[in-house]
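Peer 1: Just passing along the structure, written as structure tokens.
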Amino acid sequence: MVDYFQNQLEGHYRADMLLGPHDLIGTLGPQYQLIDKLTRSAAGDTRRGLLRVGAAYAALIGWLYQDAGDLSAAAFWRGITQEIALRARDPHLIGYAMINSAVVRTDLGDGAGVVDLCEAVLDDDRVVPKIRVMAMQQQAHGASLLRDRIAVDRLIDDADRLLPQVNDDLPWGNACRRTPGYLEVQRATCYGRLGLGTEASNLWEQVLAAVPATARRDRGVYMAQHATAAATAREPEQAVRIAREVVDIAMETRSARMRRELVTLERAMRPWHDAPVGRALTEVLAPVTEGT
């Protein structure tokens, strides 16, 4: 059963990239409940294996709720992830759980909280390179919230040097191997948060050229951020062109993160609110921003 649930994980990760959160939450919840039920009657290595895979499922459910815009439910499931990781006594999983909590802190705008959690992960010399890469890139997000570009670049560069050493067989946390341009995605996001429009826009063009169509939800989020970077770089027509495609993806995946990025784009386009290009954007975004 441990192998069965582990083998399901990769399919769930890929489905999330294509479908978005809402269709998967209903699937993973019952699976987690079954894992929890089995864990209660298991012992020894089987119990530890179920705890490890249960933590991975709880982390994914937390992510799905975060993508759906329910940060309270996301924080609850991140807490479940940490509890199970501690019960499993697995330092890698404990670090992974703390990074998941840092992701929620990022969405809450708590840069100091992000840095605290990631530094705690990096203080443990036992964790595998993958966990260190994840902690470094997430700490870069915390640094961007604190307006520290030097730290952003240092952390992303350090993670990039460590990335070739990622060779574990852990079934969770593999976005750094699965996502094209993983670290440049993080850098571009941080640059956008710092208001570095031209630098972020150039990076997004490079990243999006390598993102496959099957990563539909992620591609939509990246494109929305690219549009905001274009607006910040005083390229409003480009921003509107990009937004047209994003709206279709946002409607299909119902990703709250994507909608939130489009609201950020709307704010970035305010200097052109009364111009034809601004009115065009309002029309393009109407299906996803009305009532937001």
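Peer 1: Which whole number of Å³ per residue matches the convex hull of the alpha-carbon atoms in the stretch 90-178?
Peer 2: Residue-normalised Cα hull volume stands at 85 Å³.
Peer 1: Using Cβ contacts closer than 10 Å as the measure, can you line up Lys37, Lys130 from fewest to most?
Peer 2: Lys37, Lys130
Peer 1: About the Cα centre of the stretch 218-292, how large is the charge dipole given +1 on each Lys and Arg Cβ and -1 on each Asp and Glu Cβ? Please answer in debye to the nearest 20.
Peer 2: I would put it at about 200 debye.
Peer 1: For the stretch 170-211, just the Cα atoms, rotate onto the principal axes and tell me the three extents in Å, largest first.
Peer 2: So the three principal-axis extents are 37, 21, 8 Å.
Peer 1: Still on this structure: Measuring from label point to label point, each 7 Å out along Cα→Cβ, what is the Thr282 to Leu86 span in nm?
Peer 2: Simple spin-label model gives 5.2 nm for this pair.
Peer 1: Moving on. Placing unit charges on C-beta atoms (Lys and Arg positive, Asp and Glu negative, everything else neutral), compute the dipole magnitude of the stretch 79-234 about its Cα centre in debye, rounded to 20.
Peer 2: 460
Peer 1: Further question: Between Ala209 and Arg126, what FRET efficiency follows from the Cβ-Cβ distance if R0 is 35 Å, with the result rounded to 0.05?
Peer 2: FRET efficiency, Ala209 to Arg126: 0.40.
Peer 1: Right, next: In deg cm²/dmol, rounded to 500, what helix-only [θ] at 222 nm does the chain give when every DSSP H run of at least 4 residues adds -39500 (n - 2.57) and the total is split over its residues?
Peer 2: Computed mean residue ellipticity for the chain: -26000 deg cm²/dmol.
Peer 1: As I understand it, the dipole of the chain uses +1 on the Cβ of Lys and Arg and -1 on the Cβ of Asp and Glu, about the Cα centre. Which of Asn7, Pro236, Thr189 lies farthest toward its positive end?
Peer 2: Most positive-ward Cα: Asn7.
Peer 1: If you place +1 on the Cβ of every Lys and Arg and -1 on the Cβ of every Asp and Glu, how big does the dipole about the Cα centre of the chain come out, in debye to the nearest 20?
Peer 2: 320
Peer 1: Please pull out the direction-averaged projected area of the chain, using the convex hull of its alpha-carbon atoms, in nm² to one decimal place.
Peer 2: Reported value for the Cα convex hull: 14.5 nm².
Peer 1: What is the distance, in nm, between label points placed 7 Å from the Cα along the Cα-to-Cβ direction at Leu146 and at Asp274?
Peer 2: 4.2
Peer 1: For the stretch 41-119, which trypsin sites (Lys or Arg not before Pro) pass both filters: DSSP loop (anything but H, G, I, E, B) and at most 14 other C-beta atoms within 10 Å?
Peer 2: Loop-located and lightly packed - Arg89.
Any read-out appearing in this document is the output of simple, stated calculations on the displayed coordinates, not a laboratory observation. Here the structure is a predicted model, which is why all the values come from computation and not from measurement. Don't worry about glycine lacking a Cβ; one is built from the backbone with ideal geometry, like all the others, and counts go over all protein chains shown.
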